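Enquirer: Can you keep this structure in mind? I'll have questions shortly.
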Amino acid sequence: MKAKTISIPVTRNSTDSAPMRAIWMLTLAVMLLMLQTVMGHARSAPESFADLAEEISPSVVNITTTTTIAAPTGQMPGPIVPEGSPFEDFFKDFMDRGGNGQRPRRSQALGSGFVISEDGYIVTNNHVIAEADEIEIEFFDGTMLPAKVIGRDPKVDIALLKVESDVPLPFVAFGDSDIMRVGDWVMAIGNPLGQGFSVSAGIVSARNRALSGTYDDYLQTDAAINRGNSGGPLFNMDGQVIGVNTAILSPNGGSIGIGFSMASNVVTRVVDQLKEFGETRRGWLGVRIQDVTADVAEAMGLETAAGALVTDVPEGPAAEAGIKSGDVIIVFDGVTVEDTRGLVRKVGNTEVGKEVRVVVLRDGKTQTLKITLGRRETAEGTIPAVVEASEAPIEKDILGLTVTEMSDELRGKMGLPDGAEGLVVKAVDEATEAFEKGLRPGDVLTEAGQQKITSVADLEARIKDAHEAGRKSLLLLVRRAGEPRFVALSLE
């Protein structure tokens with residue numbers, strides 16, 4: 001970009017030279033201040049990472065785990081040697097030495113970690129130490145110490161270890177991952193491919209990545225991360241840990257510049273709980289939810305496709321507070337709910353036993369409910385409540401579906417609870433929207449237009465109501481193997 005030229009008039013009158021110099025100096029000062037402000041928004045690349053690497057490397061550790069693998073239950077195939085042959089004993093000894101005898105064997109694996117306190121607490125990935133019988137920590141100065149597991153959290157793949165040391169250990173602090181921006185410089189240190197205390201640098205490539213976990217919040221980086229980097233720290237330029245290197249995206253197992261570090265603001269909550277309780281204690285609302293898509297929003301008459309749509313309310317805090325299937329949760333504990341992922345993370349990060357206000361949309365109106373959160377770990381595996389029995393079956397083709405009313409015979413064939421209600425899908429026309437949206441034979445329709453249905457007449461009445469309300473689609477609550485979800489089908 002061509003620099004902008006600023007012209008300042010200068011008089012040759014000697015009596016005005018001093019004031020004009022003052023104006024010139026003031027203008028120059030303002031220009032320099034503006035330039036510093038602009039430069040402050042774009043932090044330049046460091047000339048070298050050497051000083052930072054030297055400062056924080058002593059806090060990073062190599063982790064070696066040893067696992068005992070049980071002996072195989074069956075004899076491994078070997079060469080066939082005639083009984084009584086002079087080679088019989090030779091081949092028996094050979095097979096035993098080669099590990100094919102009935103003996104357990106020991107396996108070793110490598111990973112990384114970092115010290116977070118001078119008294120020896122160490123953070124790493126859960127998958128690094130998950131099956132380990134022994135854990136050995138190698139420090140930057142070559143010291144080796146055994147470690148014990150304080151606690152683990154498979155959901156975010158974090159583990160907390162502890163070593164006993166006669167001297168205070170060098171450690172690092174966590175930084176705020178929420179203030180990291182795409183393009184910020186970062187540095188990784190770890191034990192890639194067994195090459196301990198290796199340093200790589202890059203930038204934050206993306207934020208808020210989710211891979212497969214409920215509570216995932218990854219920073220994506222192009223800093224080289226390889227096997228063995230797992231559990232190592234990702235640093236900002238102030239030497240603070242803003243992520244724990246956890247996974248790579250690669251077609252061949254090597255770094256291609258797409259690595260993922262669990263954000264520090266997720267890790268710190270987990271570490272604090274592991275340190276205090278030896279386990280995690282996450283809040284539990286007690287609902288099953290799905291995102292509000294555009295077609296679902298239209299079918300419900302909502303202005304925007306946002307919030308978390310409640311598909312089921314098993315016995316628990318939400319049921320006790322009065323939340324119902326079909327409610328849309330729009331605010332949780334004072335925070336607007338954009339989607340299900342955000343709600344799950346917010347609930348999980350809220351203190352167990354806390355009373356929170358939850359705002360829901362129901363029948364076009366908002367309601368505020370007070371809910372005392374339970375504990376997720378205790379509640380996992382809760383079986384949803386079932387409903388009462390239905391009457392004799394009637395079959396009909398409607399909305400691309402062949403549906404029949406529930407009967408005791410169908411409940412038995414489908415393995416449904418005795419009190420299961422709804423319409424059973426017997427067939428789906430593959431040329432219809434219903435098939436495109438994933439409905440299949442064996443699905444059970446339990447609600448239409450956010451009202452319970454137990455008969456074909458109920459479904460037809462809900463379709464009529466939707467037409468009269470001027471809606472273009474009908475919202476169905478579909479259950480498959482007990483799992484509920486909402487599907488909006490076009491009425492045109």
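The values are calculated or read from the model by the stated rules, or taken from the named source; none is laboratory data. For clarity, every value in this text was computed on a predicted model and none was experimentally measured. Positions of Cβ are backbone-derived with ideal geometry, glycine not excepted, and every protein chain shown enters the neighbour counts.
Enquirer: Which condition breaks for ALA305 when tested against (1) part of a loop (DSSP other than H, G, I, E, B); (2) over 17 Å from THR350 (Cβ atoms); (3) touching a strand residue (DSSP E or B) at 6+ places or on another chain (Cβ under 6 Å)?
Expert: With respect to (1) part of a loop (DSSP other than H, G, I, E, B); (2) over 17 Å from THR350 (Cβ atoms); (3) touching a strand residue (DSSP E or B) at 6+ places or on another chain (Cβ under 6 Å), ALA305 is out only on (3).
Enquirer: So if I check each of THR446, THR454, which one is surrounded by 14 or more Cβ atoms within 10 Å (Cβ to Cβ), assigned to a loop (DSSP other than H, G, I, E, B) and in the same structural domain as PRO417 (by TED's automatic domain parsing)?
Expert: Of the residues listed, the single one that is surrounded by 14 or more Cβ atoms within 10 Å (Cβ to Cβ), assigned to a loop (DSSP other than H, G, I, E, B) and in the same structural domain as PRO417 (by TED's automatic domain parsing) is THR454.
Enquirer: Does at least one position in region 433-440 carry a residue that is without any contact (Cβ under 8 Å) to a residue 60 or more places away in the chain, within 14 Å of ILE398 (Cα to Cα), surrounded by 22 or more Cβ atoms within 10 Å (Cβ to Cβ) and not acidic (Asp, Glu)?
Expert: yes
Enquirer: Checking SER250 against (1) of a type in the set (Gly, Ala, Ser); (2) within 27 Å of ASP51 (Cα to Cα); (3) free of Cβ contacts under 8 Å to residues at least 12 places away in the same chain, only one condition comes out false. Which one?
Expert: SER250 satisfies every listed condition except (2).
Enquirer: Can you find even one residue in region 159-167 that is assigned to a strand (DSSP E or B), modelled with pLDDT of 95 or more and charged (D, E, K, R)?
Expert: Checked region 159-167: at least one residue is assigned to a strand (DSSP E or B), modelled with pLDDT of 95 or more and charged (D, E, K, R).
Enquirer: Right, GLU468: closer than 20 Å to GLU436 by Cα and of a type in the set (Asp, Glu) or not?
Expert: No; evaluated as a whole, the condition is false for this residue.
Enquirer: Considering each residue of region 450-475, count those that are out of contact with any Gly (no Cβ under 7 Å at 6 or more places or on another chain), touching a residue at least 40 places away in the same chain (Cβ under 8 Å) and within 13 Å of GLY326 (Cα to Cα), and give that number.
Expert: 1
Enquirer: Return only the number of the condition from (1) part of a loop (DSSP other than H, G, I, E, B); (2) small (Gly, Ala, Ser); (3) surrounded by fewer than 18 Cβ atoms within 10 Å (Cβ to Cβ) that ALA420 does not satisfy.
Expert: Among (1) part of a loop (DSSP other than H, G, I, E, B); (2) small (Gly, Ala, Ser); (3) surrounded by fewer than 18 Cβ atoms within 10 Å (Cβ to Cβ), the lone unmet condition for ALA420 is (3).
Enquirer: For region 314-329, indicate whether the set of residues that are within 15 Å of THR340 (Cα to Cα) and of a type in the set (D, E, K, R) is non-empty.
Expert: Yes, there is a match, as at least one residue in region 314-329 is within 15 Å of THR340 (Cα to Cα) and of a type in the set (D, E, K, R).
Enquirer: Within region 237-295, how many residues are surrounded by 16 or more Cβ atoms within 10 Å (Cβ to Cβ), in a helix (DSSP H, G or I) and among the aliphatic types (A, V, I, L, M)?
Expert: Result for region 237-295: 5.
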